[in-house]
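What follows is one structure encoded as structure tokens, with my remarks underneath.
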Amino acid sequence: MSAPTVIPGSGEVLAYLRHTGWAQSGRTRVAEFWTRPDSEDFELLVPLIQSASDYEKRIRLLADDLAQIEHRDPAHIQQDIAHVYDDVTDLRALGSDTDDSIPLQAGINIFNSARRLVVAAASATLRRQSHIGRSVQARARQHADRVRLGHTKRGSYIVPIISRARPPELDPRADTPPVSAEIEESLFDRRVMVTMSRALGTLADMAVSRETMPRPAEVTEAVGQGLSYELCKAVVDVLSPGELDALDVTFNWARAASPPINPTGTLVFPSESVRPLDEIATQLRTLPREREDIIFGVVQDLHDAEDEPDTTIGVKTLVERRVRTVWITLDKASYRIALQCHTNKQRVVARGVLRTPPGRRATLIPSYFGPEDTLISALPDS
């Protein structure tokens with residue numbers, strides 16, 4: 001089963017070269033020329049006119065040239081170029097009988113679980129809760145509809161989840177980072193994948209890396225990392241039929257965008273972890289169904305009285321896809337973090353109980369407040 005070759009656009013080609021050590025050495029109306037500082041004798045021609053009749057041929061020749069340098073399959077290079085602005089998460093089914101195929105039911109389970117993982121992660125990016133049930137927000141379902149599945153890859157049986165990670169175009173001269181529905185939507189994709197990676201990482205720590213079951217308090221705390229019954233069950237349902245030896249989840253962060261802080265790489269869930277995974281799922285389903293909303297935004301108002309123990313800040317954010325100011329009461333330590341983020345023009349994230357009464361100001365009672373560490377931005381030129 002061979003994946004069809006993807007023909008990337010010229011913008012993706014230029015971004016790939018820029019972030020793999022190449023530099024532009026010349027340009028005409030229809031092409032650019034790129035060389036490497038360590039090998040200026042080797043020059044690449046990058047076609048710019050995608051409607052040209054020989055565009056695909058030129059891209060294939062470029063991939064062949066890169067293959068000689070990178071010692072990789074040209075088709076794999078073209079795939080990587082095409083996804084230079086995408087986060088690609090590979091779900092890999094491992095088993096003694098898996099090569100380019102797996103049992104039918106195992107295949108159905110892994111495809112179904114791919115969607116359930118995305119829906120659970122998108123839901124947790126909007127609202128933390130141990131058991132989502134029927135309260136999936138429309139935005140989470142819409143996000144799952146937008147995320148793509150790539151063609152299965154060789155290497156046991158690999159299903160790629162492809163999520164956009166193109167950095168929004170921002171004016172570096174702006175006094176504060178802008179907040180708009182369009183910008184927040186472009187950042188949401190990366191936020192969801194970071195939530196998924198951290199939730200699955202937390203789950204692997206509890207179900208795979210340790211010999212004892214986690215305490216109920218630890219499972220409750222894991223909900224704050226994005227873990228839910230639905231996300232846990234998505235992993236269980238791939239492994240529980242017993243036809244696979246393991247499920248690998250590998251997060252490949254977009255080459256042309258900055259990775260998240262402490263990025264997750266590969267997580268392995270062996271078939272032996274089904275029992276602890278099942279027990280954790282049961283605990284998550286039976287926890288009290290408390291929920292915490294999450295807002296991402298920019299600090300725009302700061303109010304601190306020296307004789308008061310608490311402070312108040314206003315965070316410009318998106319509430320139900322409308323830009324609003326949400327007022328948050330913080331202790332002095334958290335206020336200093338807010339002040340630093342305001343000074344550094346850094347976005348923030350807050351988690352807690354959000355109240356938006358009609359005709360009155362929106363407030364959030366926080367359980368967590370801090371700088372956002374999931375953001376994507378364009379990497380500087382290499």
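Quick one: which residue in Leu66, Leu91 is in the same structural domain as Lys153 (by TED's automatic domain parsing), surrounded by 13 or more Cβ atoms within 10 Å (Cβ to Cβ) and not acidic (Asp, Glu)?
Criteria check complete, one pass: Leu91.
Conditions first: (1) farther than 20 Å from Leu200 by Cα; (2) under 14 Å from the mean Cα position of the chain (by Cα). Ala124 passes all but one, so which condition is the exception?
(1)
From the list Asp145, Asp189, which residue is among the charged types (D, E, K, R) and buried (at least 16 other Cβ atoms within 10 Å of the Cβ)?
Only one candidate passes the filter, namely Asp189.
Tell me, which residue of the stretch 51-63 that is closer than 27 Å to Asn252 by Cα and of a type outside the set (Lys, Arg) is surrounded by the fewest Cβ atoms within 10 Å (Cβ to Cβ)?
Within the stretch 51-63, the match that is surrounded by the fewest Cβ atoms within 10 Å (Cβ to Cβ) is Glu56.
Out of Leu91, Leu66, Leu44, which single residue is more than 26 Å from Ile161 (Cα to Cα) and either of a type in the set (Ser, Thr, Tyr) or modelled with pLDDT of 90 or more (or both)?
Leu44
Grab the strands (runs of 3 or more DSSP E) fully contained in the stretch 1-110, keeping just those with 3 or more residues being touching a helix residue (DSSP H, G or I) at 6+ places or on another chain (Cβ under 9 Å).
Counting at least 3 such residues, we get 31-36, 39-47, 86-94.
What residue, of Leu302, Leu379, Leu318, is hydrophobic (A, V, I, L, M, F, W, C), surrounded by 12 or more Cβ atoms within 10 Å (Cβ to Cβ), at pLDDT below 95 and more than 28 Å from the chain's Cα centre (by Cα)?
Result: Leu302 is the single residue among Leu302, Leu379, Leu318 that is hydrophobic (A, V, I, L, M, F, W, C), surrounded by 12 or more Cβ atoms within 10 Å (Cβ to Cβ), at pLDDT below 95 and more than 28 Å from the chain's Cα centre (by Cα).
So, in the stretch 335-348, exactly how many residues are of a type outside the set (Phe, Trp, Tyr) and crowded, with 20+ Cβ neighbours inside 10 Å?
Number of matching residues: 4.
Yes or no: Gly226 in the same structural domain as Ile158 (by TED's automatic domain parsing), farther than 30 Å from Arg347 by Cβ and not β-branched (Val, Ile, Thr)?
Taking the combined requirement at face value, the residue does not satisfy it.
A quick yes/no check of all residues on (1) in contact with a strand residue (DSSP E or B) (Cβ under 7 Å, 6 or more places away or on another chain); (2) within 28 Å of Leu203 (Cβ to Cβ):
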{"residue": "Glu272", "(1), (2)": "no, yes"}
{"residue": "Arg291", "(1), (2)": "yes, yes"}
{"residue": "Ala305", "(1), (2)": "no, no"}
{"residue": "Thr312", "(1), (2)": "yes, no"}
{"residue": "Ile328", "(1), (2)": "yes, no"}
{"residue": "Thr343", "(1), (2)": "no, no"}
{"residue": "Val349", "(1), (2)": "yes, yes"}
{"residue": "Gly359", "(1), (2)": "no, no"}
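Which condition number does Lys233 fail, the rest of (1) basic (Lys, Arg); (2) at pLDDT 95 or above; (3) not in a helix (DSSP H, G or I) being met?
Of (1) basic (Lys, Arg); (2) at pLDDT 95 or above; (3) not in a helix (DSSP H, G or I), only one is false for Lys233: (3).
Based on what the data block shows, is Ala120 of a type outside the set (D, E, K, R), farther than 22 Å from Val194 by Cβ and buried (at least 20 other Cβ atoms within 10 Å of the Cβ)?
No, not satisfied.
Got a sec? Which of Ser240, Ser163 is in contact with a helix residue (DSSP H, G or I) (Cβ under 7 Å, 6 or more places away or on another chain), closer than 26 Å to Asp80 by Cα and of a type outside the set (A, V, I, L, M, F, W, C)?
Of the residues listed, the single one that is in contact with a helix residue (DSSP H, G or I) (Cβ under 7 Å, 6 or more places away or on another chain), closer than 26 Å to Asp80 by Cα and of a type outside the set (A, V, I, L, M, F, W, C) is Ser163.
Test Asp100 against the stated conditions and say whether it is at pLDDT 95 or above and either within 29 Å of the chain's Cα centre (by Cα) or surrounded by 17 or more Cβ atoms within 10 Å (Cβ to Cβ) (or both).
no
Suppose the filter is over 33 Å from the mean Cα position of the chain (by Cα), free of Cβ contacts under 8 Å to residues at least 40 places away in the same chain and surrounded by 13 or more Cβ atoms within 10 Å (Cβ to Cβ); does Glu32 pass it?
no
The values are calculated or read from the model by the stated rules, or taken from the named source; none is laboratory data. The model shown is predicted, which means the values in this text are computed figures rather than measured ones. Methodologically, a virtual Cβ is constructed for each residue, glycine included, from the backbone with ideal geometry; neighbour enumeration extends over all protein chains shown.
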